[in-house]
Protein chains: 2
Amino acid sequence: MRGAVLHAPGDVRFEERTDPKIIEPTDAVIRTAATCVCGSDLWDYRGINPVEQPTPFGHEYVGFVEDVGSDVKTLTPGQFVIGSFFASDNTCANCRNGYQTNCLHREFVGAGGCQAEKIRIPLADGTLVATPDQPAAEHIPSLLACSDVMGTGWYAAVAAEVRSGDTVAVVGDGAVGLCAVIAAKELGAERIIAMSRHEARQKLAREFGATDVVAERGEDGIARIKEMTAGIGADRVLECVGTAESMQQALRSTRPGGNVGFVGVPHGVAIDGTELFYSHVGLRGGPAPVRAFLPDLVDRVLTGRINPGKVFDLTLPLAQVADAYRAMDERRAIKALLTP
Amino acid sequence: MRGAVLHAPGDVRFEERTDPKIIEPTDAVIRTAATCVCGSDLWDYRGINPVEQPTPFGHEYVGFVEDVGSDVKTLTPGQFVIGSFFASDNTCANCRNGYQTNCLHREFVGAGGCQAEKIRIPLADGTLVATPDQPAAEHIPSLLACSDVMGTGWYAAVAAEVRSGDTVAVVGDGAVGLCAVIAAKELGAERIIAMSRHEARQKLAREFGATDVVAERGEDGIARIKEMTAGIGADRVLECVGTAESMQQALRSTRPGGNVGFVGVPHGVAIDGTELFYSHVGLRGGPAPVRAFLPDLVDRVLTGRINPGKVFDLTLPLAQVADAYRAMDERRAIKALLTP
């Protein structure tokens, strides 16, 4: 089979790779229906994370079960499935607490490279969620989005404890930030402020439920949020970038007693204990336990309540994966969907 | 009147000071019934916080209303009152959200020095809570404890979102940590692990509801907590010290998806964003909004449900305030109560 391999910063190649096989009896192998490029892939593509050897890439996927190991009980070949980027047994103490991305037996599915024609999924029973029927083609982008960005945006809102009537600000207008707008709306936020300076993303944010858009950043952005919230800050702020600047913007835009949910993978972020103390802001982040949300999110997609697939504004054949990276790196595309 | 003044590290003097007066029409002046020395006073006494000029000291108090300003509506001379170390209007947006220590008009009551015979209380209506009747002498230490340490321990548990059935670890065996044990128990924790290596404090922790005591600290302490919690960590950890070491111990003793409530005033604490991210731990701290909890806490004291006054293991005349500081500095006393 063929798949994407990152050889060096800026150098993604689509090349022949060994077919994935069942290794453990709890594995499944799926035939990819769609995959995509994640904002977090760009950290490596841009050389911010070191690339030490040719590395199969990608960690988002939907597909058809092709083969299952002898211990897999809930899946059968042919089913359409969605899964998270971390495989989880979904039975350990951390999974039972709803933190499948901290499963005591977790494995990074992306280690095998999901921008490929086939993918090995460890701990298949605990990782994959099958749709009740074969989904309509129109639902596939949104189901794929649930595999990471929609699940991650959802977690941002859950980690920030968004509740009915809240004023929520979203820092970051990438696919995760845009999906966080959807999540805030679904969880009952009354006012949703998208922080974005890109017209196409502002437009999509409004379509997803943003009531306001703030183009300012940094101190100016914080001042704008305070102006809009009687001087005290937003009830909840969803940090969807991962830089020191974006985290500071998030923390300082939140009212005393409010919460920041942070899902941007941190790069160079240190939080001053004294400032956090006097702010009274609550803080929780992490790799989103997407598996916990998948059944609900899949249902919301299939019933037409949410349509996070709109974040894909570029669709390319998987063979052109290098073009997809380029388009996202240059911010010509919000998110690129790839079809084998 | 006379009161305590910190002249330099280690140099507390009881001396004649100007009588406090009504300055704003929202002020009250109270005659002190009891006051005490706080663990946080020791940061200054030990010279860790600089002492730049002779400073009236102390921020915990109960007393009798002596005089009220013309705008004070809810208080009358003679009433027995308890208040927080921060004066708050109890009507602004932050107060309404339950964060009176971030009141938009807050003033630090301790600025006037509460280890004194009389105290000026700004924003009296929003700051002071009167008891229904004159309390019995036996309740006064516990009511005084509510002014700070009991309210602060309570906030640690609230900030950590302690709920019924939880396993809670408490880092710090000072008066706040011991009161945090009471709070965890009252909020329904099933297992309460007090981290302490001092026999008298261990004993009081058990009396307050601790089910287990762990004497180890640092990495050994973290390992002990994990051993006791099926390898994952406690559901909630209450950080009641404020050092980099105690914060790290708290964060690393908490399970993924659990919470740390931190109430020790941070000294040199920086939190690594990446570690916090992958831990999935939620974090909230701050100066406790004691005012929010006072009516409930006073009720729990007067009905005999809680007895936080037991943290006072030394009672001295206010004139001997210097001895009280020495005893706490040398850890001969958990907390010293002072009577004018």
Q: Take every Cα pair under 8 Å in chain A that's 6+ residues apart, average their separations, divide by the length, and report that relative contact order as a whole percent.
A: 19 percent
Q) Arranged from highest to lowest average of other beta-carbon atoms within 10 Å per residue, in what order do the peptides B:210-219, B:152-161, B:9-18 appear? A) B:152-161, B:210-219, B:9-18
Q | Protein-only accessible surface order, largest first, of B:Arg163, B:Arg252 at 1.4 Å | A | B:Arg163, B:Arg252
Q. Got the A:Ala8 label distances to the other copies yet, label 7 Å along Cα→Cβ, in nm, shortest first?
A. 6.5
Q) Using a basic spin-label model with each label point 7 Å from the Cα along Cα→Cβ, how many nm lie between A:Ile23 and B:Asn49? A) 5.5 nm
(Q) Please compute the contact order of region B:154-285 in relative form: average sequence separation of alpha-carbon pairs under 8 Å and at least six residues apart, divided by the residue count, as a percent. (A) 26 percent
Q: Scan around B:Met195 for amide H atoms under 5 Å from its own, H built in the peptide plane at 1.01 Å from N, and keep only partners 5 or more places away or cross-chain.
A: B:Val170, B:Gly172, B:Val214
**Q.** 7 Å along Cα→Cβ, label-point gaps from A:Ala230 to other copies, nm, shortest first
**A.** 4.3
Q: Run the quick spin-label model on B:His105 and A:Leu104: label points 7 Å from Cα toward the beta carbon, then report their separation in nm to one decimal.
A: 5.5 nm
**Q.** Threshold 20 Å² - residues in region A:243-269 whose accessible area is reduced by that much or more when the chain is no longer isolated, probe 1.4 Å
**A.** A:Arg255, A:Pro256, A:Gly257, A:Phe262, A:Val265, A:Pro266, A:Val269
Q: Between the chain alone and the structure with every protein chain in place, find the residues of region A:101-132 that drop at least 50 Å² of accessible area; heavy atoms, 1.4 Å probe.
A: A:Asn102
Q: In nm to one decimal, list the spacings between the A:Ile23 label point and its equivalents in the other copies, with label points set 7 Å along Cα to Cβ, shortest first.
A: 7.0
Q: Taking every pair of Cα atoms in the protein assembly as shown, average 1/r, invert it to obtain the Kirkwood radius, and report Rg/Rh to two decimals.
A: 1.05
Q. Once phi is turned into θ = phi - 60°, what whole-Hz ³J(HN,Hα) does the Karplus curve with 6.51, -1.76 and 1.60 give for every residue of region B:51-66, x standing for Gly and Pro?
A. 10, 8, 7, x, 10, x, 10, x, 8, 10, 6, 9, x, 10, 4, 9
Q: Find the accessible area per residue for chain B; the probe is 1.4 Å, ligands and nucleic acids are left out, and the unit is Å².
A: 37 Å²
(Q) So if each residue of separation counts as 0.36 nm, and I subtract the Cα-Cα distance between A:Ala136 and A:Lys203, what length gain in nm does that give? (A) 21.5 nm
Q.
Could you work out [θ]222 nm for the protein assembly as shown from helices alone, using -39500 (n - 2.57) per DSSP H run of at least four and dividing by all its residues? Round to the nearest 500 deg cm²/dmol.
A. -8500 deg cm²/dmol
Q) What quantity of accessible surface, computed with a 1.4 Å probe and excluding non-protein components, is buried in total between chains B and A, in Å² to the nearest 100? A) 3100 Å²
Q) Over 30 Å between Cα atoms, which of A:Lys21/B:Lys226; B:Lys21/B:Lys185; A:Lys118/A:Lys335; A:Lys118/A:Lys310; B:Lys203/B:Lys226 qualify? A) A:Lys21/B:Lys226; B:Lys21/B:Lys185
Q: Would you kindly calculate the mean projected area, averaged across all directions, of the convex hull enclosing the Cα atoms of chain A, in square nanometres?
A: 16.0 nm²
Q. Which residues in region B:110-142 have a backbone N closer than 15 Å to a point placed 7 Å from the Cα of B:Thr339 along the Cα-to-Cβ line?
A. B:135-142
(Q) Calculate log10 I(q)/I(0) of region A:177-330 for q = 0.08, 0.11, 0.14, 0.20 Å⁻¹, where I(q) comes from the Debye formula with a single equal point scatterer on each Cα and nothing for solvent. (A) -0.26, -0.49, -0.79, -1.42
Q) ³J(HN,Hα) across region B:281-287 via Karplus (A = 6.51, B = -1.76, C = 1.60, θ = phi - 60°), whole Hz, x for Gly/Pro? A) 8, x, 9, 8, x, x, x
Q.
How far apart, in nanometres, would the label points at A:Glu245 and B:Arg217 be if each is projected 7 angstrom from Cα along the Cα-to-Cβ direction?
A. 4.1 nm
(Q) Going by Cα centres, region A:32-108 and region B:97-157 are how many Å apart? (A) 52 Å
Q. On the accessible surface of chain B, probed at 1.4 Å, how many percent belong to carbon and sulfur atoms?
A. 48 percent
Q) Okay, which of region A:91-133 sit inside 14 Å, backbone N to the point 7 Å along the Cα-Cβ direction of A:Lys73? A) A:91-92, A:124-127
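The values are calculated or read from the model by the stated rules, or taken from the named source; none is laboratory data. What you are looking at is a predicted structure, and each value in this text was computed from that prediction instead of being measured. Positions of Cβ are backbone-derived with ideal geometry, glycine not excepted, and every protein chain shown enters the neighbour counts. What goes into the accessible areas is simple: the full protein's heavy atoms, side chains included, and nothing from ligands, DNA or RNA. Shrake-Rupley method; radii C 1.70, N 1.55, O 1.52, S 1.80 Å.
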